[in-house]
Structures are given as structure tokens and as C-alpha cells.
Amino acid sequence: LQTGAEFVGRVDFSYTTEQQRGLTNTPLLVQDAYPMLNARLAYRSAGERWEAAVFGTNLTDERVMTMGFDLSSLGFIASQYGPPRQWGVSLKYSF
């Protein structure tokens, strides 16, 4: 490890209770309670000139409904879901 270089970690956790995602309280548009866990570990060079990091989002791989529409009068109900578990690497260079 270079003098002045550092490892920086971050963990985010949240818990969301049950929520209704539609306007008409349709049981099919209820999002059950869920935990959400994200994490990141970065190495920053001395002087913070460059940084390399690994990260993960939605580490518990929760299926989370983000919105919904009750269009049952037209014969269907529509909903949208957030992204599944994701991993990645980031590199940053400042000049």
C-alpha cells in the first residue's frame, strides 16, 4: 500500500415495509416488505489521482415492484420491477 493510499468501503442496508403500488388498492399490486443491500470497496491512490472499485447492488436479489397500473377494465394489470442483483467494477482517473 502506497503512503497516503487507502481502501474505502461502504455498505448500505434498508428495509422497506409492504407498499401498495397501484392507485386502486389492487391486491396484485402490493409489494411485500423487502430488505435491500448494496456494497462497494474502493482502492484510492495517494493524492486520489486514481481509484479502482468493485460494487454490488441488490445483493439479496429481491424482486421489487417499482410501479403498477390497474387496467383491469381493459383486461390486464401492468407492473414494472427494479433491477436484479448486479455486480460491477469501476475505474476513475483524475487529471
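The values are calculated or read from the model by the stated rules, or taken from the named source; none is laboratory data. Computed from a predicted model, the values in this text were never measured in an experiment. Methodologically, a virtual Cβ is constructed for each residue, glycine included, from the backbone with ideal geometry; neighbour enumeration extends over all protein chains shown. To get the accessible areas, we keep the full protein, side chains included, count just its heavy atoms, and leave off ligands, DNA and RNA. Shrake-Rupley method; radii C 1.70, N 1.55, O 1.52, S 1.80 Å.
One residue is enough: does region 21-30 have a residue meeting the conditions at pLDDT 95 or above, open to solvent by 50 Å² or more (accessible area, probe 1.4 Å), within 22 Å of the chain's Cα centre (by Cα) and under 18 Å from Gly82 (Cβ atoms)? No, region 21-30 contains no residue that is at pLDDT 95 or above, open to solvent by 50 Å² or more (accessible area, probe 1.4 Å), within 22 Å of the chain's Cα centre (by Cα) and under 18 Å from Gly82 (Cβ atoms).
Give the residue that is farthest from Leu41 (Cα to Cα), with candidates limited to residues of region 67-79 that are open to solvent by 70 Å² or more (accessible area, probe 1.4 Å) and assigned to a strand (DSSP E or B). Talk me through it step by step, then tell me what you get.
The first filter runs over region 67-79 and keeps only residues open to solvent by 70 Å² or more (accessible area, probe 1.4 Å), leaving 67, 69, 72-74, 76.
Adding the requirement that they be assigned to a strand (DSSP E or B) leaves 67, 69, 76.
Values: Met67: 31, Phe69: 38, Phe76: 43 Å.
Here the answer is Phe76.
Among the conditions (1) surrounded by fewer than 16 Cβ atoms within 10 Å (Cβ to Cβ); (2) over 30 Å from Ser94 (Cα atoms); (3) without any contact (Cβ under 8 Å) to a residue 40 or more places away in the chain, Val54 misses just one, which is (2).
When you scan region 1-20, how many residues do you find that are open to solvent by less than 100 Å² (accessible area, probe 1.4 Å) and in a strand (DSSP E or B)?
The qualifying residues number 8.
On the basis of being at pLDDT 95 or above and part of a loop (DSSP other than H, G, I, E, B), does Leu59 make the cut? So Leu59 fits the description; yes.
Please specify each residue of region 57-79 satisfying the condition of being of a type in the set (S, T, N, Q) and more than 15 Å from the chain's Cα centre (by Cα). Quick ask: steps written out before the conclusion?
Initially, region 57-79 is screened for residues of a type in the set (S, T, N, Q), giving 57-58, 60, 66, 72-73, 79.
Residues satisfying the conditions are Ser72, Ser73, Ser79.
Tally time: how many residues in region 80-95 are over 11 Å from the mean Cα position of the chain (by Cα) and open to solvent by 80 Å² or more (accessible area, probe 1.4 Å)? It would help to see each step written out before you state the result.
Our first condition is that a residue be over 11 Å from the mean Cα position of the chain (by Cα); within region 80-95, this holds for 80-81, 88-95.
Still in the running and open to solvent by 80 Å² or more (accessible area, probe 1.4 Å): 80-81, 89, 91-93, 95.
Residues that pass the stated criteria total 7.
Taken together, the residues in region 31-46 that are modelled with pLDDT under 95 and either in a loop (DSSP other than H, G, I, E, B) or touching a Pro at 6+ places or on another chain (Cβ under 6 Å) (or both) amount to 1.
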